[in-house]
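Just below is one structure, and these are the notes that go with it.
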Amino acid sequence: MAITLIGGTEVEEDKLIRKYVLVNATEHNGIAQEKSVLGKLLADVPELRDKALQLMPEIQKNVEEVNRMDINRQKAELDSLGGYKPAVRIERKGLPELDIERRGFVVRFAPNPDGALHLGNARPAILNDEYAKKYKGKLILRFDDTDPKIKVPEKRFYGWIREDLKWLKIKVHKEITASRRLNIYYKYADLLVKKDAAYVCTCGEEWKKLRDAGRSCPCRSAPNQMRRWKAMFKKYKEGEAVLRIKTDLDSKNPAVRDWPAMRIVDKPNHPFSKKHVWPLYNFASAIDDYLENVTHIFRGQEHSTNETKQRFLYQHMKWEYPSVITLGRFSLSDSVLSKSVIREGIEKGIYSGWDDLRLGTLRSLRRRGFQPESIRQIIVDVGPKPSDITISSENLAAYNRKIIDKHANRYFFIQNPARIEVQGIKIKTAKIPLHPDHKRGYRSFSLSKTFFVNSDDFDRYKGLEVRLKDLCNVKLGKTAAFSGFELKSIPKIQWLPAKYLALRIFMQGRERKGYGDINMRKEKIGSIVQLEQFGFVRIENISKNNIIAVFGHE
């Protein structure tokens with residue numbers, strides 16, 4: 001079947017699939033992987049995306065055939081099919097320009113330290129940093145920690161956030177903590193009350209009915225507002241009084257009408273302050289943005305109502321509101337990002353902690369071996385868009401693979417090992433490059449007649465001649481026979497000698513066990529290596545005969 005590509009070129013579907021399998025094999029030391037082939041094919045030929053499921057059987061068949069060939073034959077066949085040149089795309093380079101008519105450029109990143117940062121938080125943090133560098137401006141880290149009741153901050157998360165931003169290579173020029181600035185917020189509340197721009201409301205639930213009807217409550221025009229405001233600190237208890245900012249009672253959105261700026265918390269659960277009166281987000285954030293001369297705010301789409309509320313405060317104070325860049329939600333497929341869901345899952349024992357491999361926290365991604373450069377690059381490439389975006393785990397892995405591939409040493413990993421004895425083999429030692437494309441040493445093996453291979457390979461090729469990868473050819477069986485060193489068009493399989501390591505690999509919701517290359521003992525904890533035909537892993541623990549690693553991606 002012929003496929004008409006963009007531009008009018010026609011190509012046979014079977015030849016196109018064969019070419020992409022050969023491309024993948026020649027780029028990965030002679031071994032093609034089905035998912036990688038499909039991903040590359042659909043990325044280069046988007047016309048085929050609707051046929052993804054139909055393409056897979058043909059890809060699988062070609063992968064089996066191509067993986068039986070030696071790499072020289074693979075390259076020769078690829079050349080006969082016209083070789084491969086990546087699809088040319090004209091893409092925007094760098095981030096779009098912002099309106100910076102104001103003097104100076106100041107942005108802020110304002111996380112609530114009630115949990116660990118996740119990939120969604122990384123987006124505004126990185127965009128703030130990129131633009132601060134672009135315009136030679138300043139980035140402020142503002143801990144938005146004035147909720148001592150529901151989204152309660154914890155001491156450890158302040159440090160974690162600093163660590164995560166440092167890991168992302170984000171330069172913070174100044175740090176402020178909202179909960180340590182309560183007296184500042186009280187001062188501006190005083191000013192607003194004196195300007196008749198704010199009032200103390202004691203109507204409780206009745207106020208909502210009035211608000212929805214667009215009517216003012218009796219408190220709005222009550223006398224002695226300053227005395228009522230001072231009474232919030234001594235007389236009133238939680239739920240009995242709130243300070244409200246005067247707005248337009250005819251506003252189409254009832255949530256904007258006379259929004260609350262200060263409330264009472266009788267028993268605040270906060271690591272730094274036990275004060276009685278606390279500002280809500282819109283009040284504290286708006287005051288700090290003004291005092292810190294913030295010129296641009298990167299704000300989630302869900303905060304559009306908050307912007308409308310804050311603009312009323314700025315109008316009362318005759319301040320100029322910062323420019324706003326709206327960002328849609330940024331999610332990662334197959335990963336949990338919600339802090340409330342994560343916290344509940346940890347409390348119930350569903351997740352092991354904030355670095356559980358099923359989570360989209362930065363601590364989890366770092367544990368799996370994702371590099372900060374890959375996270376930064378994908379966020380910059382997506383840019384500051386107002387629409388919601390979900391990136392696939394495979395897409396993020398592709399960014400990361402480009403960075404770690406050249407640094408990751410290669411090792412063998414045998415799952416479900418089958419023991420064989422090779423008769424006639426006289427090799428006593430073997431040296432295999434640590435990386436096929438970069439000269440930086442070898443992994444050395446002491447050999448005997450005893451070898452281990454994957455049970456699946458043993459069952460598939462039993463009785464056939466195979467190549468023990470990078471070593472020699474054998475006729476496979478429980479008692480195998482050495483058959484020479486000649487490179488042939490025969491299957492290549494992984495192997496390990498009699499001496500091996502016990503290798504345990506944690507994955508998302510499961511684990512894998514098997515035998516690992518004894519040379520891995522020379523790696524350092526935290527190193528990222530590639531287990532051939534399995535994927536990239538990050539080493540977490542090394543002992544004499546055991547290694548524990550975490551799976552990153554293929």
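The values are calculated or read from the model by the stated rules, or taken from the named source; none is laboratory data. All values derive from a computational prediction rather than experimental measurement. Don't worry about glycine lacking a Cβ; one is built from the backbone with ideal geometry, like all the others, and counts go over all protein chains shown. Note: areas computed on protein heavy atoms with side chains; ligands, DNA, RNA excluded. Shrake-Rupley method; radii C 1.70, N 1.55, O 1.52, S 1.80 Å.
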Accessible surface of the stretch 205-307, 1.4 Å probe, proportion on carbon and sulfur as whole %: 49 percent
Positive-pole candidate from 254, 239, 298, dipole of the stretch 195-298, charges at beta carbon: 239
When the convex hull of its Cα atoms is projected in every direction, mean area for the stretch 405-541 (nm²): 8.4 nm²
Across 136/406; 439/513; 230/318; 449/475, pairs whose alpha-carbon gap is larger than 23 Å: 136/406; 439/513; 230/318
Counting DSSP beta bridges with both ends in the chain, the antiparallel % (nearest 5): 65 percent
Three-way shape label, the stretch 311-441, alpha-carbon gyration tensor, a/c 1.5: prolate
Largest to smallest principal axis extent of the C-alpha atoms in the stretch 368-456, angstrom: 67, 31, 16
Reachable aspartates and glutamates, given that their alpha-carbon falls under 14 Å from the alpha-carbon of residue 138 and they are not under 8 places away in the same chain: 129, 130, 175, 289, 292
Radius, Kirkwood style, for the chain when every pair of distinct Cα atoms is counted (Å): 27.9 Å
Intensity falloff of the stretch 136-190 expressed as log10 I(q)/I(0), Debye formula with alpha-carbon point scatterers, at q = 0.25 Å⁻¹: -1.06
Restraint check, 166/274; 195/309; 15/35; 171/339, Cα-Cα greater than 22 Å: 166/274; 171/339
Between helix 119-134 and the chain: long-axis angle, C-alpha atoms, 0 to 90°, nearest 10: 80 degrees
All-pairs Cα distance distribution in the stretch 511-554, expressed in whole percent, bin size 10 Å: 28, 65, 7
Unit charges at the beta carbon, dipole of the stretch 407-491: most positive-side option, 438, 458, 415: 438
Proximal aspartates and glutamates to residue 234, defined as alpha-carbon separation beneath 12 angstrom and excluding residues fewer than eight positions away on the same chain: 266
Inter-label distance for residue 389 and residue 486, nm, one decimal - labels placed 7 Å from Cα along Cα-to-Cβ: 5.5 nm
Helix-derived mean residue ellipticity, 222 nm - over the chain, DSSP H n ≥ 4, -39500 (n - 2.57), to 500: -10000 deg cm²/dmol
About the Cα centre, charge dipole magnitude for the chain (Lys/Arg +1, Asp/Glu -1 at Cβ), debye: 2280 debye
Per-residue SASA entry for residue 290, accessible area with 1.4 Å probe, Å² rounded to 10: 90 Å²
Accessible area per residue in Å² at 1.4 Å probe, computed on the stretch 348-479: 47 Å²
Among beta bridges that DSSP assigns inside the stretch 191-346, antiparallel share in %, nearest 5: 65 percent
Accessible area of residue 305 in the full protein assembly, 1.4 Å probe (Å², nearest 10): 40 Å²
Rg [Å, one decimal], Dmax [Å, integer] - the stretch 240-322, C-alpha atoms: 13.9, 40
Cβ charges +1 (Lys, Arg) and -1 (Asp, Glu), total dipole of the stretch 386-427, debye: 320 debye
